[in-house]
Amino acid sequence: MKTINYTENNNFKAGVITINRPSQLNALNSVVIDELNTLLKSLEKSSDIRSIIITGSGNKAFVAGADIKEFQKHNIQQAKALSQQGKEKLFNKITNFSMPVISAINGYALGGGLELALASHIRIASFSAKMGLPECSLGLIPGYSGTQKLTRIIGSNRAMEMILTAKVISAEEALNMGIVNKVVDQENLLDACLDFSKLFNRTSRESLRAAIKSINSSHLPHGEDIETEEFSKLFETDGFKEGVAAFLEKRKPIFQ
Ligand code: CAA
């Protein structure tokens, strides 16, 4: 894991996490998931980090999925634990993270790899990236929220097509389908993500957390109530005081 510092507006940082298992195309085994969980917990505590970027090492893969070799002999109970613990430690932790998480998709994002990207809040891919949920071709289905999150992002019609056919799509197809926000050349991928992350500097930390929570609740029956709750709680935050003061004083806000 490395952290990159940059200065603009304030001196916030983007924490860059590189999944470093290139010989296995960065496949997610239990060790990698535990390490990511520990890293995310520590990054969440640092007050000068405003966003996280996750990428894979090498030019070939973001993450080629959950580690098939590790789970190949699992029984039903072990498979259930794999899915539940993966969601708790990593996938839902990212989705519900208190600051924005950007996936920098630098190659294959298959199965659990695409699910990791779908758990993030923003996805930027290189032109060479390839994405898919091929689990049905292994006699499985996506087990790290792929059936849920892909459906919410692109609708059930297209999610059915992608998951039931196990097809792998290009970055440009993913852009057209609304799976990724942007596609850039591989050599510019990290810079594009860092540039994107600078946009978060003009928003308050508390607003980012509340917006992520509210947007994530949009499919829940009580989503409207969560939005109202989060909206009202912001009125007693430093970010709101500074944002409004800056507007009235005709200057840029300086958020902490
Ligand atoms: N799990 C374990 N090992 C993997 C892996 C995975 N998901 N993906 C790649 N690897 C390993 C390969 O076994 C190989 O290791 P060895 O050299 O030790 O044999 C190494 O990474 C390089 O891979 P390939 O030789 O296969 O590389 P390639 O260029 O020929 O093919 C690929 C690349 C098309 C991505 C191919 O590796 C592939 O199809 N990988 C599996 C993709 C997949 O099915 N992902 C879904 C996993 S299931 C899942 O994620 C379940 C869930 O939702 C919880």
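The values are calculated or read from the model by the stated rules, or taken from the named source; none is laboratory data. Given the structure is predicted, the values throughout are model-derived calculations rather than measurements. Cβ sites come from the backbone with ideal geometry, for glycine too, and all protein chains shown count toward neighbours. Remember, those area values only see protein heavy atoms, side chains included, never the ligands or the DNA or RNA. Shrake-Rupley method; radii C 1.70, N 1.55, O 1.52, S 1.80 Å.
How big is the dipole moment of the chain about its Cα centre under a simple scheme where the beta carbon of each Lys and Arg is +1, that of each Asp and Glu is -1, and everything else is neutral? Debye, nearest 20, please.
In total the dipole reaches around 300 debye.
What is the helix-to-structure angle for 30-45, meaning the angle in degrees between its Cα long axis and the longest Cα principal axis of the chain, kept from 0 to 90 and rounded to the nearest 10?
Its long axis makes an angle of about 0 degrees.
Give the accessible surface of the chain per residue, rounded to a whole number of Å², with probe radius 1.4 Å and ligands, DNA and RNA excluded.
Here the per-residue accessible area is 51 Å².
Mind listing the long-range amide H neighbours of Ile19? Cut-off is under 5 Å, sequence gap 5 or more, other chains count too, H placed in the peptide plane at 1.01 Å from N.
Result for Ile19 returns Thr55, Gly56, Ser57.
Compare Gln77, Gln186, Gln148 in a GNM of the chain, Cα atoms joined below 10 Å, and give the one with the largest fluctuation.
Gln77
From the residues Ser47, Gln148, Leu110, which one has its Cα farthest along the dipole of the chain in the positive direction, the dipole being from +1 and -1 charges on Cβ of Lys/Arg and Asp/Glu about the Cα centre?
Toward the positive end, the furthest listed residue is Leu110.
In straight Cα distance, which lysines are under 25 Å from Lys93, not counting same-chain residues fewer than 8 positions off?
Lys2, Lys13, Lys41, Lys45, Lys69, Lys80, Lys130, Lys149, Lys182, Lys198, Lys213, Lys233
In whole percent, how big is the carbon plus sulfur part of the accessible area of the chain, probe 1.4 Å, protein atoms only?
C and S atoms contribute 54 percent here.
Modelled label-to-label distance, Leu138 and Ala245, 7 Å Cα→beta-carbon offset: nm?
Result: 5.2 nm between the two label points.
Suppose we flag trypsin sites (Lys or Arg not before Pro) only when DSSP calls them loop and at most 13 other Cβ atoms lie within 10 Å. Which is the longest uninterrupted stretch of the chain?
74-249
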